[in-house]
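The values are calculated or read from the model by the stated rules, or taken from the named source; none is laboratory data. If you're wondering where the values come from, they're calculated on a predicted model, not measured in any experiment. Cβ placement follows ideal geometry from the backbone for every residue including glycine, while neighbour counts extend to all protein chains displayed.
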Amino acid sequence: MIKTTIIIFVLFFLAFCGFVVYDLTTAKRRKEVYRVKSSATAYLLLLPSVVLAFLFIMLPILYSLGYAFTDYYLLDPDNIKFILFDNFKELFEEISEKGMLYNAIKNTATFVIGVVPLQIILALLLDLFVNRPGFGSKIFKVCFFAPVVISLSVTAFLWQQILAPGEGGLLNSMLSVFGVPPHDWLRDPNTAMPCIIVLSAWQGCGYQMLIFLSGLSNIRKDLYEASSLDGANWWNKFWLVTWPGLRSTFVYILITVFIGACRIMTQPMLMTGYQEHTVTLSYYMYQVGYKDYWVGTSTAVALLMTIFIGGITLIQRRAFREK
Amino acid sequence: MKRFLISIISIILLLALSLSMTACGGDNGGGEGDDFEIDENGNVVTIVKIMFHVDKKSTEGQAYQKRINAFNAEYKDKGIKAQAIFKARTTGASGYETELTNNKIEGTLADIITFDAPNTAAYANSGLLYDISSLIPAEDQEKFFSLNKYNGKLYGLPIQESSAGFFYNKNIFRAAGIDVSAYTAENPWTFEQFKDVCARLKAHGVTAVDMRLDATKDETAPYLLYPFIYAAGGSFVSEDGLTAEGYYNSAATQKGFQFIKDLVNAGYTSNSIGPTDFFTGKVGMYLSSGWTIPELDNKYRENFGSRDGWGILPYPKDVTAASATGSWSYAITNNHHADKTAAVELLKFMTSAESSRAITDATGMIPARKDAVKDYAAGSPEYTLLKQLELSGKERPVTVAYPTFSTTFNQIIYRLNNTNLTDLLNSQARELQKEIDKVKDR
């Protein structure tokens, strides 16, 4: 593995050096003396970043790309064979047999469909709520942002206490006041994922609220004054002034929330464990790679997931492109 | 300009060269240079590295360190020195296992590692462990309650043994008028008698038993609950560990799981029992291992009045008696050291009767060696666990796909009440079979 790394590193480095030499000799041939000196300095300064980017970004990507076509078994790393598309074939078989991967895709889709709109709408509502001068707006901002800085494992634990089965659970004990019998929220396949969606939206919306707030600050105040003079009500102002002004912020939030949602793992892992009704793609990837030791299969899932997320992100960008 | 260009390229090449050389150094496994040292008399001392799964500052970690110090003192003149590495399981057993596999990839695997016994087959099959069958004499092997064997070969020796049972609150039992003195490790109660006691406890107004049905995110539930399946005459895989279909989903296996399900349906147990409910007198019985004894002796002594306020009942039997066994073990690894002489010396020292006693004194578990076991008073909690281990201890399934077994078992317990048991067992048997085939075909 180290030898391969060195070969890749040397190839990459030679390519970088070749590019530098080509650029500098071209500049020299054109007698651009100033550019030769400035470019040389720039390349030298760039070098540490390029090396770091190669080691910590490029190399893992290249390796995981390569492993997707191997039978890499974590307990036997010295014996890796190329098996071409066997991993992908196995994954598609598992989907067709409605195995765990099928559930992972289904649950991830459910989560994304649930959490993306919920989190964005919550963030927008909170943003409109706190973006008013008056007493308490700063306190509310801090309160709404607080869940973002709390560790996911801590919030998952807190919500486990809220959703605990039996009469001891906070939610169950509150509902019992209205005569609702205790429910096992996280074991019931119908309620487990909605609970995780609500928890995730609650935790994440504070961050999006801040981004929306910065977007709101860019909307000119005179537009609101003009619309008031034209007799616009609250809804007209929101729909015709605020929303168009937040469009680019919205696209950014939509894409980041979507990507984040596709990668969900911690909440189901801590709250339910590896279960059919809550397993997600990232969790499946972790389980297969680290618990069952099949790194090859796991990286094949990662590759498919990257292609899928990349594809959807491109579609989103195109769909919301400024005309 | 030309000189400038040459100097830039020279710097780049020099950097590349130095980086490559640093990387090449990694080929030695990062440990080659640390394999030997020269002592003050100029003699070569072989370094043997041993990796533990606990924190150095924990009671167990300190016990290991003391034994390592004792080894170094004893072997000072024999040219061997042990070096302990502590990698605490901060993220559960899987985190430690990830560390092990990373070390293997990096070539920095310690000479001896500690590992969870059910992983013997998977580790041995992958070549992680060294076959020590010929290095440990047969008479020494006989001194252990259990051995880490796979395909007839010895791959590890246990650090300590474990046995689980039903801790019960004697005060609650007395108040409910329940006499369980006849149920001993030598004469375990039956499934029906167990249900009867649960019914009487329920009638008394307490939750009958905490079966730890909530502990399905790690190895706790499989470890505590698998004996019920063996007791009902079921199993999980064939003798050779290669077939799951027909075993995991057999009628007898289903009967074992059904027994647990019946307890839930009857309201004797549930997954919503609080972690301290037994210790605070809300639950009559609590399924747990020997590690609960120090907790009851120290943390909750007041709650039970005295040590006489609680006891341990054995696992109930049906077709046969079966109880939980297995703990962590030592193994010599297949690392870059071809000569295992020094590692074998350390392994023998760490598994000696003295070491066994020293470590179990710290952990409260049962010593791995028969000759290290203390004379417990008949009827005492420790006696019940020890006798049960001797008479009905049955290890978890030996299979190369143990991690998948553990996952599928947890899923069964998790879904016990929401799914049809027959369908669930069929799908879990298929899942395990698929994984076994995949590992074997590799």
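So the values come out like this:
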{"quantity": "Residue list for segment A:137-161, filter: of a type outside the set (A, V, I, L, M, F, W, C) and either within 13 Å of chain B (Cβ to nearest Cβ) or in contact with an Asp or Glu (Cβ under 7 Å, 6 or more places away or on another chain) (or both)", "calculated": "A:SER153, A:GLN160, A:GLN161"}
{"quantity": "Complete set of residues in segment B:182-198 that are assigned to a helix (DSSP H, G or I) and surrounded by 14 or more Cβ atoms within 10 Å (Cβ to Cβ)", "calculated": "B:PHE191, B:GLN193, B:PHE194, B:LYS195, B:VAL197, B:CYS198"}
{"quantity": "B:LYS340 vs. criteria more than 21 Å from the chain's Cα centre (by Cα) and closer than 23 Å to B:GLU74 by Cβ", "calculated": "yes"}
{"quantity": "Scan of segment B:216-233 for residues that are under 25 Å from B:GLU97 (Cα atoms) and either surrounded by fewer than 22 Cβ atoms within 10 Å (Cβ to Cβ) or in contact with an Asp or Glu (Cβ under 6 Å, 6 or more places away or on another chain) (or both), ordered by number", "calculated": "B:LYS217, B:ASP218, B:GLU219, B:THR220, B:LEU224"}
{"quantity": "Those residues of segment A:1-46 which are among the hydrophobic types (A, V, I, L, M, F, W, C), within 8 Å of chain B (Cβ to nearest Cβ) and closer than 30 Å to A:ASP78 by Cβ, in sequence order", "calculated": "A:MET1, A:ILE2, A:ILE6, A:PHE9, A:VAL10, A:PHE13"}
{"quantity": "Segment B:136-170, residues that are of a type in the set (A, V, I, L, M, F, W, C) and either in contact with a strand residue (DSSP E or B) (Cβ under 8 Å, 6 or more places away or on another chain) or within 14 Å of another protein chain (Cβ to nearest Cβ) (or both)", "calculated": "B:ILE136, B:PHE144, B:PHE145, B:LEU147, B:LEU154, B:LEU157, B:ILE159, B:ALA164, B:PHE166, B:PHE167"}
{"quantity": "Test: residue in segment B:389-407 that is surrounded by fewer than 23 Cβ atoms within 10 Å (Cβ to Cβ), among the β-branched types (Val, Ile, Thr), touching a helix residue (DSSP H, G or I) at 6+ places or on another chain (Cβ under 9 Å) and over 23 Å from B:MET365 (Cα atoms)", "calculated": "no"}
{"quantity": "Residue selected from segment B:276-308 under the condition without any contact (Cβ under 8 Å) to a residue 40 or more places away in the chain and part of a loop (DSSP other than H, G, I, E, B), by the criterion farthest from A:THR272 (Cα to Cα)", "calculated": "B:SER306"}
{"quantity": "Single residue of segment B:302-341 satisfying the filter (surrounded by fewer than 16 Cβ atoms within 10 Å (Cβ to Cβ) and charged (D, E, K, R)) that is modelled with the lowest pLDDT", "calculated": "B:ARG307"}
{"quantity": "Unique residue being surrounded by fewer than 18 Cβ atoms within 10 Å (Cβ to Cβ) and either touching a residue at least 24 places away in the same chain (Cβ under 8 Å) or within 28 Å of A:VAL279 (Cα to Cα) (or both) when the list is A:PRO133, A:PRO194", "calculated": "A:PRO194"}
{"quantity": "Residue list for segment A:162-183, restricted to those being more than 7 Å from chain B (Cβ to nearest Cβ), assigned to a loop (DSSP other than H, G, I, E, B) and surrounded by 13 or more Cβ atoms within 10 Å (Cβ to Cβ)", "calculated": "A:LEU163, A:GLY169, A:PRO182, A:HIS183"}
{"quantity": "Residue within segment A:100-109 that is exposed (fewer than 13 other Cβ atoms within 10 Å of the Cβ) and without any contact (Cβ under 8 Å) to a residue 60 or more places away in the chain present", "calculated": "no"}
{"quantity": "B:ASP210 being within 14 Å of chain A (Cβ to nearest Cβ), more than 19 Å from the chain's Cα centre (by Cα), more than 30 Å from B:SER356 (Cβ to Cβ) and not β-branched (Val, Ile, Thr)", "calculated": "yes"}
{"quantity": "Restricting segment B:275-291 to residues that are more than 17 Å from B:ASN171 (Cα to Cα) and at pLDDT 90 or above, the residue that is surrounded by the most Cβ atoms within 10 Å (Cβ to Cβ)", "calculated": "B:LEU287"}
{"quantity": "Helices (runs of 4 or more DSSP H) completely within segment A:206-323 that count 1 or more residues being among the β-branched types (Val, Ile, Thr), touching a residue at least 60 places away in the same chain (Cβ under 8 Å) and over 24 Å from A:SER153 (Cβ atoms)", "calculated": "A:247-262, A:295-319"}
{"quantity": "Residues of segment B:384-411 that turn out to be under 19 Å from B:SER238 (Cβ atoms) and assigned to a helix (DSSP H, G or I), as a count", "calculated": "7"}
{"quantity": "Residue list for segment B:361-371, filter: modelled with pLDDT under 90 and either buried (at least 21 other Cβ atoms within 10 Å of the Cβ) or under 26 Å from B:LYS170 (Cα atoms) (or both)", "calculated": "B:ASP361, B:THR363, B:GLY364, B:MET365, B:ILE366"}
{"quantity": "Residue check, A:THR297 facing chain B (nearest Cβ under 10 Å), out of contact with any Lys or Arg (no Cβ under 8 Å at 6 or more places or on another chain) and buried (at least 21 other Cβ atoms within 10 Å of the Cβ)", "calculated": "yes"}
{"quantity": "Residue in segment B:342-360 that is in contact (Cβ under 8 Å) with a residue 12 or more places away in the chain, part of a loop (DSSP other than H, G, I, E, B), surrounded by fewer than 22 Cβ atoms within 10 Å (Cβ to Cβ) and not polar (S, T, N, Q) present", "calculated": "no"}
{"quantity": "Single residue of segment B:247-275 satisfying the filter (in a loop (DSSP other than H, G, I, E, B) and touching a Gly at 6+ places or on another chain (Cβ under 9 Å)) that is farthest from the other protein chains (Cβ to nearest Cβ)", "calculated": "B:SER250"}
{"quantity": "Those helices (runs of 4 or more DSSP H) lying entirely in segment B:81-181 with at least 1 residues among the acidic types (Asp, Glu) and surrounded by 18 or more Cβ atoms within 10 Å (Cβ to Cβ)", "calculated": "B:93-106"}
{"quantity": "Qualifying residues in segment A:71-90 (those that are within 13 Å of chain B (Cβ to nearest Cβ) and among the hydrophobic types (A, V, I, L, M, F, W, C)) - the one nearest to the chain's Cα centre (by Cα)", "calculated": "A:LEU74"}
{"quantity": "Condition broken by A:ARG35, with the remaining ones in (1) at positive phi; (2) crowded, with 16+ Cβ neighbours inside 10 Å satisfied", "calculated": "(1)"}
{"quantity": "Flag if B:ASP375 is in contact with a Ser or Thr (Cβ under 9 Å, 6 or more places away or on another chain) and among the acidic types (Asp, Glu)", "calculated": "no"}
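Quick grid of which residues meet (1) assigned by TED's automatic domain parsing to the domain that holds A:VAL10; (2) hydrophobic (A, V, I, L, M, F, W, C):
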position: A:PRO48; (1), (2): yes, no
position: A:ILE57; (1), (2): yes, yes
position: A:PRO60; (1), (2): yes, no
position: A:LYS81; (1), (2): no, no
position: A:GLU97; (1), (2): no, no
